[in-house]
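Okay, structure first, notes after.
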Amino acid sequence: MLPLKEKDRPIVKKLLEAGCCARCVLRFCCLGVQSDTARELCAFISDSENNESQDAAVLEQHTEDPPSKKMKMDAAEMDVQSEGDSAVVPTVMEEGDAEPADSDVCVVCLGVLQQFCDEAYAIKVCLVTINPIALGATVFPCPPTRPVSKCIAQDVQCLHVSVFVAGRYNKFSRTLPQTPWVIDGERRMESSVEELIAAPLLSSFRAEGFNFSSSGREDVDVRTLGNGRPFALELLNPHRARFNKAEVRQLQETINQSSDKIRVRDLQIVSRDAMGHMKEGEEDKTKSYTALIWTQKAINKDDITFLEETKELKLAQKTPLRVLHRRPLAVRERVIHTMSTCFLDAHHFHLKLRTQAGTYIKEFVHGDFGRTKPNLCDLLKSETDILELDVESVDVDWPPSIPE
């Protein structure tokens, strides 16, 4: 017997009257029963039909209304379809007519479950549509033939996982970019910080390439002083991967002797996981700068002392015009924690700042056509510009310091 409950009786009746096939009725009742149970499905609802006199299907009809329809199961048709594992399709009869209606297609599945879900149809489709040649049966026989000769290796390649080298660098030149400076396919500078550091390491590790990253970056005309800027180098497929501390120290000396424009300290081999410490909380870190400022209006020492009393100055910096080609347009909130000044003459003074990482110092000084607010021009009520800029410290506690 069908696993239907008494509460399902009115639902089944309504669905059959609406023109649903037996499969859809069972699906709506959440039963995974095949179509050969259609006879039991009809028996399930027959009890209520016998107890009700003429039921709601033969209610009084008004002459002005269109003739109503009722569903009637043809026992002979049900027997035939049950044997073929197909769903029973109720016959739609017009009231007063002897012939069945033209449409015997389920109103829910549109005949898909009635005609295309039986085993015979599936076999028919497979025989027609499956082309053994298209599946490569003639080219790749199954099971494959036994090989007549042994496999011969044409080439053997051994690859090594990347090695990561970290440290801090100082940059003493105002004509040296951090990375190769190429504009419109033309190289503008002879070398770069990453190339000066990577060249001795590539030679010693015999690596095929490298990826350079650092905690922030400085412009080509900005020096990096103090303890330097943290950097990391990923050496790709190195042929030598083991170096002791003395050999790493010798590599550091080789880099420092190769050029007087940079200097490296705390050079060490680190793990891939340790690389994440360099970028961890990058915007929460602080950086210190020293800038040489020019003012159009003549000033004295008292005109700039108020800057030292300004604390936690909040800036709204729209993406600078000079980096708009490589950074998305946005307004970034940054904080200048402290400022101090050193008066030089009527038009020049040194400004020392400790700021949130990511603050555009040059734009704070000249305003970038009003894209940074407030700016030094607003504070001094005079046109100002920056002549020189030095990074004094990058407050990132990585990589660990190595005693000299």
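All of the numbers you see were taken from the coordinates with simple rules; none came from a lab. What you are looking at is a predicted structure, and each value in this text was computed from that prediction instead of being measured. Glycine gets a Cβ as well: all are built from the backbone with ideal geometry, and neighbour counts include every protein chain shown.
Odds and ends about this structure:
- Averaged over residues, the count of other Cβ atoms within 10 Å places the peptides 304-311, 376-383 in the sequence 376-383, 304-311, highest first.
- Computed log10 I(q)/I(0) for the stretch 338-404 at 0.16, 0.17 Å⁻¹: -0.64, -0.70, from the Debye equation with unit scatterers placed on every C-alpha and solvent omitted.
- Cut-off 17 Å (backbone N to label point 7 Å along Cα→Cβ of residue 297), residues of the stretch 315-329: none
- Normalised by the number of residues in the stretch 354-404, the mean separation of alpha-carbon contacts (under 8 Å, six or more apart) gives a relative contact order of 24 percent.
- Subtracting the Cα-Cα distance of residue 324 and residue 155 from their residue separation scaled by 0.36 nm leaves 56.1 nm.
- Normalised by the number of residues in the stretch 283-394, the mean separation of alpha-carbon contacts (under 8 Å, six or more apart) gives a relative contact order of 41 percent.
- Amide H contacts under 5 Å for residue 270, placed H, 5+ residues apart: 164, 165, 166
- Tensor-based shape of the stretch 163-279 (alpha-carbon gyration tensor, a/c under 1.5 rounded, otherwise prolate or oblate): prolate
- Among 222-235, 254-267, the peptide with the highest mean count of other Cβ atoms within 10 Å heads the list, and the full ranking is 222-235, 254-267.
- Here, the stretch 281-404 has an Rg and a Dmax of 15.2, 48 Å when only alpha carbons are counted.
- FRET efficiency for the residue 347 to residue 181 pair, using the beta carbon distance and R₀ = 41 Å, is estimated at 0.85.
- Sites matching GluC sites (Glu not before Pro) across the stretch 170-226 that sit in DSSP coil, with at most 14 neighbouring C-beta atoms within 10 Å: 190, 208
- Packing rank of 163-173, 316-326, 343-353, where each peptide gets the mean count of other beta carbons within 10 Å, highest leading: 163-173, 343-353, 316-326
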